[in-house]
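The values are calculated or read from the model by the stated rules, or taken from the named source; none is laboratory data. Just so we're clear, the structure is a prediction, and the values are computed from it rather than from any experiment. Heads up, the Cβs are rebuilt from the backbone with ideal geometry, glycines too, and the neighbour counts pull from every protein chain shown. Note: accessible area is taken over every heavy atom of the protein model, side chains too, but ligands, DNA and RNA are not part of it. Shrake-Rupley method; radii C 1.70, N 1.55, O 1.52, S 1.80 Å.
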Amino acid sequence: MWAIKFAAGILAVVMLGSIEAAPREGYGPGMQDWGFVEVRNGAHMFWWLYYTTAEVEQFTDRPLLIWLQGGPGASSMYGNFEELGPLTLEGEERNHTWVKNYNVLFIDNPVGTGFSYVEDSSLYTKNNAEIADDLLTFIKEFYRLNPEFKETPLHIYAESYGGKMAPEFAYVLDKAIKNGEIDIKLESVGIVAPWVSPIDSVLSWGDFLLNMGFVDTKGYRQIQAAAIETEHILNEGRYEDATWQWGRTEEVIVRETLGIDFYNVLFTQDFQSTKSRLAMFAKDMKQATLDSAIRLASEDRDQMLEDLMRGVVATTLQLPAESVYNSQGGRVFQSMSGDFMKPAIHIIELLLNNTNLDVVVITGQLDLIVATPGNVAWLEKVQWDGRNQYLQAPRDGIGPLGMLEGYQKSFGKLYMYWALRAGHMVPADNPVIMDYILQKHAGFP
C-alpha cells in the first residue's frame, strides 16, 4: 500500500511573499501535489497533480496534460485509477500510465463532483458556460500556485461529457491568454468519446446495434422510435424533458439487447442483472437515468473506487471532512439536466475559426453511448474555413507497432482518430493508439 512518508501538512516554499506549491509524496509512486481551489464563495474544486516520472532534469521539461471526466458528475478519479493514472484500482502500477511521459493534472469538475464540493446547493453549475468560467478561475489560481509551469506546453484532454466541457474551457482560456489575464502556453484540446452533439449519438444507436447484431428489426424500430421522440422533444426546446427521454431510450436498449454494456459492446454482459436494471427504470426512471450518467463501470468496480477514495486515499491525502467522495455527483447531474442534451458544435466552430489550437477528436470503435457514427455525423456538420478540405482529406491507417490500431483524418487544426478494439475509454482499451495521439499533439523533445 502506498502512503505519505511526510508528516501532516502541505509541503511548500515561500517565494516572493506567496506560497508556491511543491512536489510531495502522496498515494502511489512518484511525486504529487493536490488541493482545492475555491472557484466561487462556497464552491471548492479538487485537483490532483502527478509530476512526470520521466528521466528529465526538470519535470517542466515535459508537457502538462489536464484530464476531465464526464457525467456530468463523474469523478476524474475514474480516469486516474481505471484509465491512465500511475496505479490501477487494485493498487498495481500501470504500464501505460500517461505519467511516464507527462505531468498529469486530474480535476474533479464540475463543483460537487468526486472530491469537489459545494457548501450550498445553489452553487451547482447549470450549464456549460458556468463550468467553463469555474475552470478558468481554477486554472488562474493553479498557475499562481505553480508558476514554474507557465512556459510548459498545456494540453486539455477530456472524455464523454468532458468532451463537451473541455472545448468551451479551452475557448475561454484562449481568450483569457489573448487578453493578458493569464500567461501560459495552451496548445491543444483533445476530446475522447465526446458528447458534443448528444442527439447525433442517440440517433446513431439503432443502426449501430442492428449492424452489430445486437437487435433484430423489431428491436431496431423500438430504439429508433424512442430516439426520434428524444429529437422531437429537443427540437421543441424542452431540454430537461429531452434528458429524461434520453434515459427512456437507454431503457429500450437495455430491454432489447438484454443488458448490453454501453461503454464497450464486447464486454461480457451480466444477463442476470438485466431484469433488475429494467425494474429500476420502471420504478424511478429519472433516478435510473441519473445513475446511468455518473456510473462509468460495473457496480462492483464503482463501489471499489468509492471505497478506495473514501478510505485510504482520503486519509493519505488528509482531505477535509466536507470533501466526501461522490456524495454530490447525482445532484450535479440533476442541476445540469437542462443543459445535458444541448449541442456544443458551435464551440468547436469557435475553436477552429478563432484560435490556433489543435482540436483532436477521438472515437472508439466499440463505444455505444457516444457511438462512432454519431461522432462522424456531427463533425461533418461543423462550419469552418477548412470544412471542404477536411471532408475530402484522405483517411490513413495508424500502426506504430506494426498492428493496425485505427485510422486518422485531418486538415489544418482539426484531427479525427478512429480507435480500433476500443470502447468509450480509449486510454484504457487501446493505449497504443492513445500514446500515438499524445506523442503527435503533446509530444516532447
Largest to smallest principal axis extent of the C-alpha atoms in the chain, angstrom: 68, 49, 43
Rh (Kirkwood; distinct C-alpha pairs) - region 321-445, Å: 16.5 Å
Rh (Kirkwood; distinct C-alpha pairs) - region 294-351, Å: 14.1 Å
Cα pair distances of region 203-242 binned at 5 Å [whole percent]: 6, 28, 24, 17, 13, 10, 3
Given charges at Cβ of Lys, Arg, Asp, Glu: the chain dipole, positive-most of PRO167, ALA74, PRO29: PRO167
Cβ-based charge dipole, the chain, positive-most Cα from ILE437, PHE142, HIS155: ILE437
Solvent-accessible surface ranking, highest first, for ILE345, ILE223 at 1.4 angstrom: ILE345, ILE223
Long-range Cα-Cα pairs in region 170-249 (distance over 20 Å), rounded percent: 52 percent
q = 0.28, 0.30, 0.31, 0.35 Å⁻¹, region 343-385: log10 I(q)/I(0) [Debye, one scatterer per Cα]: -1.04, -1.11, -1.14, -1.26
Full-stretch length increase - LYS286, ASN95 - with 0.36 nm per residue and alpha-carbon distance subtracted: 64.9 nm
Sorted largest first, extent of region 72-121 alpha carbons per principal axis (Å): 40, 22, 15
The chain - share of DSSP beta bridges that are antiparallel (%, nearest 5): 55 percent
Cubic angstrom per residue, convex hull over Cα atoms of region 123-174: 82 Å³
Whole-number D in µm² s⁻¹ for region 132-225, Kirkwood Cα-pair radius fed into Stokes-Einstein, 25 °C, 0.890 mPa s: 156 µm²/s
Residue (of SER122, VAL189, MET341) at the positive-pole extreme of the chain, dipole from beta-carbon charges: MET341
Computed lengthening from LYS126 to GLU187, 0.36 nm per intervening residue step minus Cα-Cα distance: 19.2 nm
Student exercise, the chain dipole from Lys, Arg, Asp, Glu Cβ charges, in Debye to nearest 20: 520 debye
Simple Cβ-charge dipole of region 40-130, Lys/Arg +1 and Asp/Glu -1, about Cα centre, in debye nearest 20: 260 debye
Relative packing of 248-258, 96-106, 394-404, 137-147, which averages over residues the other C-beta atoms within 10 Å, highest first: 96-106, 248-258, 137-147, 394-404
The chain: relative contact order in percent, alpha carbon pairs under 8 Å with at least 6 residues between: 18 percent
Choice from VAL312, VAL196, VAL426 with maximal GNM fluctuation in the chain (Cα, 10 Å cutoff): VAL312
Kirkwood Rh, angstrom, region 66-176 [1 / mean 1/r, Cα pairs]: 14.7 Å
